[in-house]
1. Gain in length, residue 22 to residue 45, computed as 0.36 nm per residue apart minus the alpha-carbon separation, to one decimal in nm?
2. Modelling each spin label as a point 7 Å along the Cα-to-Cβ direction, I'd like the residue 55/residue 9 distance in nm, to one decimal.
Ligand SMILES: [Zn+2]
């Protein structure tokens, strides 16, 4: 009769049953954007929880950065345009360096 060569360590024995309790995640649809997310947790897609904005998402940050960039470009454009005849050389060199 075959006999195990050596004793199974507690770790190896317990690892065998470690996956028996696993169940597939149950996902709910976000109330705001309908994206699948974990129930009772903030939606990672839109940052809303129960209809309230609680999280700044990556898209929000990209959007605000874009707006800041546009505002900066507009202010630079506005600053450059009227002063162009008088300070064109000085401003151009300052911006380049
Ligand atoms: Zn959402």
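1. Extra length available between residue 22 and residue 45 comes to 5.7 nm.
2. 3.8 nm
FYI, it's all coordinate maths here, none of it is from the lab. Note that the coordinates shown come from a computational prediction; the quantities given were computed from them, not determined experimentally. Cβ atoms come from the backbone with ideal geometry, glycine included; neighbour counts cover every protein chain shown.
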